[in-house]
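A short worksheet on the structure shown next.
The values are calculated or read from the model by the stated rules, or taken from the named source; none is laboratory data. All figures in this text were calculated on a predicted structure; none of them were measured in a lab. Neighbour counts run over all protein chains shown; Cβ positions are idealised from the backbone, glycine included.
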Amino acid sequence: MSRKNRKTRLGRVLLKRKVDEILNDGQDNGTESTEPVRPPATISSDEPVPKKTKWINRQRVLVFAARGTTQRDRHLMNDLKTIMPHGKAENKISRRENLAVINELCEMKNCNKSLFFEARKKLDLYLWIANTPHGPSAKFLVENVSTMQQLRMTGNCLKGSRPLLSFDDNFKKVPHLALLKELFIQVFGVPFHHPKSQPFVDRVVTFSFMDNRIWYRHYQILKEDGALAEIGPRFVMNPIKIFAGSFGGETLWDNPHYITPSVWRRKVAESAGAKYVNRKHQKFTYIANRPATSYPSLPDDDIFEGDIFSLEIIFCA
């Protein structure tokens with residue numbers, strides 16, 4: 001059939017008949033199967049659910065400080081930002097601001113955790129770790145701070161890698177430490193498949209409880225046999241209180257062994273002043289108890305009296 005005939009209505013009808021005849025001839029020549037059609041062995045609902053590679057644990061931590069922090073405190077805060085890819089930065093706030101404002105800042109930054117550094121008298125550094133906006137929250141006194149630049153350790157790790165969190169056995173036995181353990185896991189643990197994280201685990205963060213304080217250390221995993229090298233930073237957290245709410249609320253736990261830094265410095269000054277008082281007391285006791293007359297002199301003591309040069313001339317002669 002020519003192309004000209006195909007365009008007409010009669011041509012299209014004839015072409016359709018020809019195609020039907022070809023299809024019918026092919027079915028007559030083929031062998032028809034008498035086996036019944038069986039259903040599939042498994043249905044789609046029985047297949048395992050594919051693993052989700054999405055970022056499900058959406059933990060974001062707001063890391064910032066109040067005005068009045070020292071240079072060492074700022075370096076510690078920047079070190080924590082570096083090793084926490086899920087952390088967000090924020091400008092400093094005034095020390096006169098109410099801490100409840102931090103909940104609004106976290107909501108604006110789309111964060112549900114917060115690390116807030118607060119300095120007093122340019123000497124003492126306090127750390128707030130809170131679950132915003134419903135709580136709980138904990139307040140710590142940060143002591144013995146050593147930043148990465150101060151330590152200059154040999155350890156190194158990939159930036160953005162996910163750490164292993166290691167806790168002491170005391171975090172299972174003591175109730176308030178169990179609460180702090182869960183808070184540390186949610187704050188310092190990097191979520192799986194975080195956009196800014198790397199799919200590697202090459203470092204360890206340890207939390208040890210000793211002397212009524214929590215010791216923070218950061219190590220690099222060198223080998224599979226457990227060899228470690230410290231990276232830094234390192235610091236000690238002295239827990240003060242645990243609150244039911246975020247930056248306030250009902251007090252769940254109060255540290256009975258906590259001594260404020262001002263009281264501690266006053267006791268050190270008093271002990272130093274006591275040394276001076278004891279030394280003066282010993283001097284006055286010696287003056288009061290010494291005898292009025294000394295022991296009688298020996299007869300040969302006269303050889304030590306007189307001019308030294310004259311004695312030298314006599315001995316030379």
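Observations, loosely collected:
- Per-region count, segment 245-279, residues of a type in the set (Ser, Thr, Tyr) and in a strand (DSSP E or B): 1
- Qualifying residue in segment 207-215 (condition: of a type in the set (A, V, I, L, M), in contact with a Lys or Arg (Cβ under 8 Å, 6 or more places away or on another chain) and touching a residue at least 24 places away in the same chain (Cβ under 8 Å)): no
- Selected residue (criterion: farthest from TRP55 (Cα to Cα)) from residues of segment 197-215 that are loosely packed, with under 13 Cβ neighbours inside 10 Å and not aromatic (Phe, Trp, Tyr): ASP211
- For segment 199-210, the count of residues that are basic (Lys, Arg), over 18 Å from ILE83 (Cβ atoms) and at pLDDT 90 or above is zero.
- Flag for ILE287 being loosely packed, with under 10 Cβ neighbours inside 10 Å, at pLDDT 85 or above and assigned to a helix (DSSP H, G or I): yes
For every residue, the table says whether it meets (1) modelled with pLDDT under 90; (2) surrounded by fewer than 13 Cβ atoms within 10 Å (Cβ to Cβ); (3) farther than 17 Å from THR251 by Cβ; (4) touching a Ser or Thr at 6+ places or on another chain (Cβ under 7 Å).
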| position | (1), (2), (3), (4) |
| --- | --- |
| LEU127 | no, no, yes, no |
| ASN131 | no, no, no, yes |
| ALA138 | no, no, no, no |
| THR147 | no, no, yes, no |
| GLY155 | yes, no, yes, no |
| ARG162 | no, no, yes, yes |
| LEU165 | no, no, yes, no |
| ASP168 | no, no, yes, yes |
| LYS173 | no, yes, yes, no |
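- Selected residue [more than 25 Å from PHE235 (Cα to Cα), of a type in the set (S, T, N, Q) and out of contact with any His (no Cβ under 9 Å at 6 or more places or on another chain)] from ASN110, ASN91: ASN110
- Among the residues making up segment 180-196, those that are closer than 12 Å to TRP55 by Cβ and within 15 Å of the chain's Cα centre (by Cα) are VAL190, PRO191.
- Annotation note: Cβ proximity below 9 Å between a residue of segment 64-79 that is touching a residue at least 24 places away in the same chain (Cβ under 8 Å) and part of a strand (DSSP E or B) and a residue that is surrounded by 20 or more Cβ atoms within 10 Å (Cβ to Cβ) and aromatic (Phe, Trp, Tyr) (sequence gap 6+ or interchain) occurs for PHE64/PHE116; PHE64/PHE117; ALA65/PHE116; ALA65/PHE117; ALA66/PHE116; ALA66/PHE117.
- Hits in segment 223-238 - residues which are touching a residue at least 60 places away in the same chain (Cβ under 8 Å) and farther than 15 Å from THR147 by Cα: LEU228, ALA229, ASN238
- When PRO261, PRO256, PRO239 are screened for being modelled with pLDDT of 85 or more, out of contact with any Ser or Thr (no Cβ under 9 Å at 6 or more places or on another chain), farther than 23 Å from ILE185 by Cβ and surrounded by 15 or more Cβ atoms within 10 Å (Cβ to Cβ), only PRO261 passes.
- Scanning segment 121-145 for residues that are in a strand (DSSP E or B) and touching a Gly at 6+ places or on another chain (Cβ under 8 Å) turns up just one, SER137.
- Residues of segment 216-227 that are buried (at least 16 other Cβ atoms within 10 Å of the Cβ), closer than 16 Å to SER161 by Cβ and not aromatic (Phe, Trp, Tyr): HIS218, GLN220, ILE221.
- No other residue among ARG58, ARG17, ARG38 is at pLDDT 65 or above and part of a helix (DSSP H, G or I) apart from ARG17.
- The set of residues in segment 91-119 being under 17 Å from VAL61 (Cα atoms), acidic (Asp, Glu) and surrounded by fewer than 19 Cβ atoms within 10 Å (Cβ to Cβ) consists of GLU104, GLU107.
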